[in-house]
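Shown next, in structure tokens, is the structure this report addresses.
The values are calculated or read from the model by the stated rules, or taken from the named source; none is laboratory data. As the structure is a computational prediction, the values presented were derived from the model and not from experiment. No Cβ is skipped: glycine too gets one built from the backbone with ideal geometry, and neighbour counts run over all protein chains shown.
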Amino acid sequence: MSAATLLQILSSGVVTGGIYALVALSLLIVFKSTEIVNFGGGDVLMFGAYVAMLCQDYFGLGYGPTFLVTSCVMFALGAAFETGVLRTVRGALSPSRVLVSLVITTIGLAYALRGVVRLFSYTDEVRRLPVLVRGPPLFLGPVVLQRQDVVIVAVTLSLVAALFAFFRYTWLGKALRAASVNPRAAELIGIKVARMRLFSWGLAFVIAGIGGILIGGKIPITPDFGTQIAFLAFAAATIGGFQSLPGCIMGGILLGVIQNMVGFFVSSASIAVAPFIVIMLVLVFLPQGLLGGGSALKKV
């Protein structure tokens, strides 16, 4: 295998891994702020892709307004889910039983989103969003990159940088971190924990929705395609560390590269199996992930 072929495989893996990383980030934000594993994350991405398709096919919007409208819709959906569903479940059950029930609720969210999408007849056909950026491919030495792939990587890196700055330097980001670490202490110093949870879910839905727009121009969209993306996002978060924002990015990129390498050297049929093998290896040798930090004891 030539060096040019290897570089092409690696670059394609980075682009694909960027999508996995975005969904993994949405899972991480929810987990760090509420300690809930959102099993509906892949279907949230799918829903965002269909919202973008609605904006473009039926309202004739360009990609700029589509990103804005989709982000607003997804934030409202995430906030409504937290306020109308999770908060009700949290208030109705005892603390010892509520966590499992909340996780099951996210599974119900996945089925609900799929059901809502299937109410519209145009989802019966396999569709794809228009190309995000048109133009001839870019040549970086021996590597050929589509302009859309460059945009995907740029958007992913920009979101990561923005989230890092948000959680590190802004009052709201610090409040979200405080509410996730110790909700009772956060309430005592005036932080509205309920509002922080609402914002966390809204933000997570926005990130997943943006991922749906980016991937919608690369692969066919169906009401069920989010399930596979969810598995890959969990794999990315597990590889990098479910507590680490940079770890999710690293995990997503590594997973994308590993899939491309397996598809080239082994077979395309082995691509679907590769993430599960990687997860098992990581859990055996690095249970906290590559950047997950040390283990911690918690009373539940």
- Which of the helices (runs of 4 or more DSSP H) contained wholly in segment 137-242 include at least 3 residues that are under 29 Å from Tyr63 (Cα atoms) and either hydroxyl-bearing (Ser, Thr, Tyr) or touching a strand residue (DSSP E or B) at 6+ places or on another chain (Cβ under 7 Å) (or both)? 147-169
- Note on the structure: All conditions in (1) surrounded by 13 or more Cβ atoms within 10 Å (Cβ to Cβ); (2) farther than 22 Å from Ala230 by Cβ are true of Arg128 except (2)
- Task: Please name all residue pairs, on different chains or six or more residues apart, with Cβ atoms under 6 Å, provided the first residue is in segment 120-143 and is under 14 Å from Ile219 (Cβ atoms) and the second residue is polar (S, T, N, Q) and part of a loop (DSSP other than H, G, I, E, B).
- Result: Val126/Thr222
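Based on what the data block shows, is Gly91 in a helix (DSSP H, G or I), modelled with pLDDT under 80 and either over 23 Å from Leu203 (Cα atoms) or not charged (D, E, K, R) (or both)? Talk me through it step by step, then tell me what you get.
Values: in a helix (DSSP H, G or I): yes; modelled with pLDDT under 80: yes; either over 23 Å from Leu203 (Cα atoms) or not charged (D, E, K, R) (or both): yes.
So Gly91 fits the description; yes.
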- Query: So which residues in segment 184-224 are in contact (Cβ under 8 Å) with a residue 60 or more places away in the chain, surrounded by fewer than 17 Cβ atoms within 10 Å (Cβ to Cβ) and aliphatic (A, V, I, L, M)?
  - Reply: Ala194, Ile219
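Taking the stated definitions as given, is Val181 touching a Pro at 6+ places or on another chain (Cβ under 8 Å), without any contact (Cβ under 8 Å) to a residue 60 or more places away in the chain and not basic (Lys, Arg)?
Working: touching a Pro at 6+ places or on another chain (Cβ under 8 Å): no; without any contact (Cβ under 8 Å) to a residue 60 or more places away in the chain: yes; not basic (Lys, Arg): yes.
No; evaluated as a whole, the condition is false for this residue.
Go through the residues of segment 74-82 one by one and say whether even a single one is modelled with pLDDT under 85 and not basic (Lys, Arg). Reasoning before the result, please.
Let us first name the residues in segment 74-82 that are modelled with pLDDT under 85, namely none.
Taking every residue of segment 74-82 in turn, none turns out to be modelled with pLDDT under 85 and not basic (Lys, Arg).
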- Just one of the numbered conditions (1) of a type in the set (Phe, Trp, Tyr); (2) without any contact (Cβ under 8 Å) to a residue 24 or more places away in the chain; (3) buried (at least 20 other Cβ atoms within 10 Å of the Cβ) is not true of Phe234; which one? (2)
- List every residue pair whose Cβ atoms lie under 9 Å apart, where the two residues are 6 or more positions apart in sequence or sit on different chains, the first residue falls within segment 40-58 and is under 9 Å from Gly209 (Cα atoms), and the second residue, located anywhere, is in a loop (DSSP other than H, G, I, E, B). Val44/Asn38; Met46/Thr222; Met46/Pro223; Met46/Asp224; Ala49/Leu129; Ala52/Leu61; Ala52/Leu129
